[in-house]
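Here the structure is laid out as structure tokens; the discussion comes afterwards.
The values are calculated or read from the model by the stated rules, or taken from the named source; none is laboratory data. Everything numeric in this text was worked out from a predicted model, so none of it was measured. Neighbour counts run over all protein chains shown; Cβ positions are idealised from the backbone, glycine included. Areas reflect the complete protein model, heavy atoms only, side chains present, ligands, DNA and RNA absent. Shrake-Rupley method; radii C 1.70, N 1.55, O 1.52, S 1.80 Å.
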Amino acid sequence: MLSANNKTAKIAVLADQAVVSGSAILTQLLIVRGAGLKDYGVYAAAALAQLFVLSLQQAGISGMYMVIAPSLGEEERSRYRSGMAGLLIAGGGLIAVAALALYPLFSATISATSWLLMAATMILATLQDGARRVLVADAQYGKALITDSINNGLQLLGLGLLVVSGSATLQTVLLACAASFVPALVYATLVLKPAPGLVNALYVLRTNGRESVWMTASALLQWFAGNFYLVAAGWWLGTATLAVLRLGQYAFGFFNVALQAVENYVLPKAGALTEKPEQMMQYLKQTGSRLIPAAGVMLVVTALIAMPVIQWLQPANTADLSTVLCGLCGLYVLVTAGYPVRIALRSLKHSNEFFKGYVLSAVTALATAWMLIKGWQLAGVMTGLVLTQTITLTYWAGILQKKYKAIWK
């Protein structure tokens, strides 16, 4: 039987992820309803770019903390935490420089104010996500929940007021999103008390070693493999198609709540068992056996609820919506089944195998996108997403079978 502390921790992690993912879903609904599909299409494109940056940051910096921190002493963990804060701030500077350099390419379609707000939102989002993951990895679940509640509560309040007042535009939406991060970051800073500096940053880089490089490269390829079909669909089929795809993905946000909560809770625990791989594998297999049946039920319920909700927002795309929802159900079945495999590889620091798996996925996406999308439209997009996920998971499972044949069956 689980102890009271373990139960409380799981509830706190789930509640925190529910706040983050649930707010993300409501944010999409409010933006579409208030600003319209055209502005939402631009927002969705900016959100994809933000996800790209977040994936790199999580893989190379904050995600490494979740794996490494459980094995560090308090003094080393404090140094690591401070060094990570410094790297996140430096990353924000790089985002600002990149935004200035790239704006001339988009100046004809996006105003300077909107571009500035996009960059500000991206920088603040990376800082907030880093603080949140540190709090979760340090088992400060209640404080992580407070931080995310401040951020997301203010964001939803601001967007709600914009919708009610009829003043929701791309600029006002971005301003509300960016402003909501500031109080949450102030609170997280007061809790964590980081001391950013070059010495601590170098300590983090030495501790991470080549694992960080492999994970960052893997994240780059993962984003490319997972989103190339979306970008290609938006380019070849139009921004309206991209909007429908993104709405369909967010419709499964409640399902993502559970998956993200599982990863946030399980990854540090698996990381603490890396010296005992047999126990770690057993723990992950037990987690997977409980997760898959629950996921099946949640997928069916999510699809049934999502259809009428998105129809209310964009009823003209009913057929496209059905295609997207069915395809996402199949995709998330594969994602759920592969969670133990993914966490095992990451915890055992086989980051090079992560990279190779995503290379296969990216090559498949490049080779098949034109044929699938041009031939089958949205159905081709969903087929491609399922295909690349299948190839990646098959490769990873094969690596675990080869390296840990006696304990991974």
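Highest mean packing first, where packing is the average number of other Cβ atoms within 10 Å per residue, the peptides 169-176, 372-379 line up as 169-176, 372-379. What region 151-309 shows is 47 Å² of accessible area per residue, with the surface traced by a 1.4 Å probe over protein heavy atoms. Sum up the charges of everything whose Cβ sits under 12 Å from the Cβ of Gln279, counting Lys and Arg as +1 and Asp and Glu as -1, but leave Gln279 out. Result for the local shell: +1. Region 155-190 and region 320-362 have Cα centres lying 32 Å from one another. Taking all protein chains into account, the per residue accessible area for region 1-75 stands at 43 Å² (1.4 Å probe). Here the chain has 69 percent of its accessible surface on carbon and sulfur atoms, given a 1.4 Å probe and all protein chains in place.
Working ranking of peptides 48-54, 217-223 by packing, defined as the average number of other Cβ atoms within 10 Å per residue, highest first, is 217-223, 48-54. Estimated from the Cβ-Cβ distance and a Förster radius of 45 angstrom, the FRET efficiency linking Leu366 and Lys403 is about 0.95.
Packing around the peptides 104-112, 206-214, 333-341, 91-99, taken as the average count of other Cβ atoms within 10 Å per residue, puts them in this order, highest first: 333-341, 206-214, 91-99, 104-112.
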